[in-house]
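Undergrad: Please find one structure pasted underneath; my questions will follow.
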Amino acid sequence: NFLEQQDRMDEAITVYQSFLEQQPSAVIGAALERAEGGTRAAPMIGSVADGLAEVFLSVSSSLSQENASNPARNFARMAVYLRPGFDASLMVLSGAMQRGDAYAAANQVLEQVPADSVYSWDARMQIALNLSRLEEVEGAVTLLRAMAGERPDSTEALTTLGDVLRSS
């Protein structure tokens, strides 16, 4: 984003490509596709509240990695409050809830991720897994079958479906 804001689009594209060579990411893949299409990213921080939300998201992510679920959840909630529609913070918040075995609450958060978000696929995969954990296998199976139809060239939804069925 910084490189794009500095009119260094070629360098930004190179960074995105290098990242994707190391690790697949829907977020970076979408950024690369947008950049290659010639569209510059919007600035990541448009206000003081956006900046604070980014800080709280970073703190929450760090705490999540340290298995500090309660503080991570609190900081993620502050990020969501300060920046409604901040899908990354919804994902971190739901992850902290899942680590605390609050699967139903995590699904309520994940359902807020819009269908057109780059996080939509991952959010729906987590919803399916949480449904399975809540012993709502039929709901998980229905969701995963629909997702498998969306991406017939991918095995991710089908593999998860198999895992859900095997564990039930």
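Each reported figure results from applying straightforward, stated rules to the coordinates on display, with no laboratory input. Small disclaimer: the values here were computed from a predicted structure and weren't measured. Here the Cβ is made from the backbone with ideal geometry for all residues, glycine too, and neighbour counts use every protein chain on show.
Undergrad: At 0.36 nm per residue, and after removing the present C-alpha to C-alpha distance, how many nm does the segment from THR14 to VAL55 gain when stretched out fully? If you can, show how the numbers build up before the last one.
TA: Working: separation 41, 0.36 × 41 = 14.76 nm, distance 2.63 nm.
Result: 12.1 nm gained on full extension.
Undergrad: I've got another one for you. Let me spell out the model: positive unit charges on the Cβ of Lys and Arg, negative unit charges on the Cβ of Asp and Glu, origin at the Cα centre of the chain. What dipole size does that give, in debye rounded to 20? Spell out each step's value before the answer.
TA: Numbers: 12 positive and 22 negative charges, 92 e Å.
My answer is approximately 440 debye.
Undergrad: Okay, next question. To the nearest 10 degrees, how steep is helix 69-82 against the longest Cα principal axis of the chain, on a 0 to 90 scale?
TA: Tilt relative to the chain: about 50 degrees.
Undergrad: Counting each DSSP H run of 4 or more residues in the chain as -39500 (n - 2.57), what helix-only mean residue ellipticity at 222 nm follows after dividing by all residues, to the nearest 500 deg cm²/dmol?
TA: Numbers: 10 runs with 122 residues, N = 168.
Calculated at 222 nm, the ellipticity per residue is -22500 deg cm²/dmol.
Undergrad: What whole number of Å gives the distance from the Cα centroid of the stretch 77-130 to the Cα centroid of the stretch 13-27?
TA: So the two Cα centres are separated by 23 Å.
Undergrad: Let me ask something else about it. Looking at ASN107, ALA96, ASN130, which one has the Cα that reaches farthest to the positive end of the dipole of the stretch 87-142 (charges on Cβ: Lys, Arg +1; Asp, Glu -1)?
TA: Going by the charge dipole, the pick is ALA96.
Undergrad: Can I ask one more? Over the chain, with a Gaussian network built from C-alpha contacts below 10 Å, which listed residue (SER89, SER117, SER18) shows the highest mean-square fluctuation?
TA: Result: SER18 has the largest fluctuation of those listed.
Undergrad: Let me have the relative contact order for the stretch 29-109, percent, based on Cα pairs under 8 Å that are six or more residues apart.
TA: Taking the mean separation of contacting Cα pairs over the length of the stretch 29-109, I get 23 percent.
Undergrad: Relative to the Cα centre, what is the charge dipole magnitude of the stretch 74-168, using +1 at the beta carbon of each Lys and Arg, -1 at the beta carbon of each Asp and Glu, and rounding to the nearest 20 debye? Intermediate results must be reported in sequence, preceding the final value.
TA: Details: 8 positive and 12 negative charges, 51 e Å.
Here the size comes out at about 240 debye.
Undergrad: Once you keep just the Cα pairs under 8 angstrom separated by 6 or more residues, what percentage relative contact order results for the chain? Write out the running numbers ahead of the final one.
TA: Working: 195 pairs, mean separation 21.4, N = 168.
Contact order relative to length: 13 percent.
Undergrad: Build a GNM of the chain with springs between Cα atoms under 10 Å: which of GLY29, GLY46, GLY100 gets the top mean-square fluctuation?
TA: GLY46
Undergrad: Pick from PHE86, PHE19, PHE75: which residue has the top mean-square fluctuation in a GNM of the chain where Cα pairs under 10 Å get a spring?
TA: PHE19
Undergrad: Which label belongs to the value computed from this structure, given these candidates for Rg/Rh (Cα atoms, Kirkwood Rh): (1) 1.03; (2) 1.00; (3) 1.13?
TA: Correct label, based on the coordinates given: (2).
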